[in-house]
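Novice: Supplied in structure tokens, the structure appears directly below.
Each reported figure results from applying straightforward, stated rules to the coordinates on display, with no laboratory input. Bear in mind that the values here come from a model prediction, so they are computed numbers and not experimental data. Here the Cβ positions follow ideal geometry from the backbone for every residue, glycine too, while neighbour counts run over all protein chains shown.
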Amino acid sequence: MYSRYIKTLSDYQLQESYAMRGMERVRIGFGIDTVFVQAQTMTLREIAVAFSREMDEISHVGVKAPPRSTVEHFEREVLAKVSSMRRYAASRHVWLERLQAINQQAASLPANIQIPLQGVLDSARAGYMVGLSGLGDSILSAIPDTTKNAIFTLLQDNEEQTLAWSRFNSELAIMYSEDLIHFFQSQNAEEMSLKSKIPMAFYFLTLVLMLSTFFFIFRSKQ
């Protein structure tokens, strides 16, 4: 029974790694698949909720279950991660559309302005917090005000999204799942130890019965 829960939690860890790879693609706008994101986050949510519900059920029937606080922390972290990932995916999709529009505007600028500006925009697309101050006054003054204002707003939103990324790009859910796996592994070890003792107990009992039988036979012959 405990082996099944170990497999469930291991499956969660694998699915989370898949989901984070998908989110990396969402962040940079490479092959965005919102259906994939929805499916992956739904899988994470379903695993966590079903696992928590099953822990309640086995504890009610007297089966030894992990501490309720650990199970609750695991479920809470997964649900928070899923919610943050979905919000990020939606907002990043809109942000990338705005970036594309700005890139089209920047394409008409002279090369000596376009190239350094493109470097800033590419860094923002990769998820880094960047600003326009490093470009210098000469380049900034050459950028049309409408484009410049759009870029400022875009970079500010990128900073907010970078912070949002950090909220779900954490190992807390994995850490709680590892604690739960260790609990089930220890229970598995105890079960195996108990099972190995049962044949020895039967062997010892059989030996005692045989010796008792021989003793009574010997006494009856006397």
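Novice: Sort VAL71, VAL78, VAL63 by Cβ crowding within 10 Å, fewest neighbours at the top.
Specialist: VAL63, VAL71, VAL78
Novice: Sticking with this one: If you bin the C-alpha pair distances of the range 90-182 every 10 Å from 0, what whole percents do you get?
Specialist: 15, 43, 21, 11, 7, 3, 0
Novice: How big is D for the range 35-98, in µm² s⁻¹ as a whole number, if Stokes-Einstein is applied with the Kirkwood radius of its Cα pairs at 25 °C and 0.890 mPa s?
Specialist: 184
Novice: Say the dipole of the range 125-187 comes from +1 at the beta carbon of Lys and Arg and -1 at that of Asp and Glu; which of HIS182, LEU172, THR162 then lies farthest toward its positive end?
Specialist: In the range 125-187, that residue is THR162.
Novice: Take the Cα radius of gyration of the range 1-159 and divide it by 2.2 N^0.38 Å, with N its residue count; two decimals is plenty.
Specialist: In units of the globular-protein estimate, the range 1-159 measures up at 1.48.
Novice: Right, another one. Where does the range 84-137 land on Rg/Rh, using Cα atoms and the Kirkwood Rh?
Specialist: Rounded to two decimals, Rg/Rh equals 1.04.
Novice: Seen from all sides and averaged, what is the projected area of the convex hull of the Cα atoms in the range 116-158, in nm²?
Specialist: 2.7
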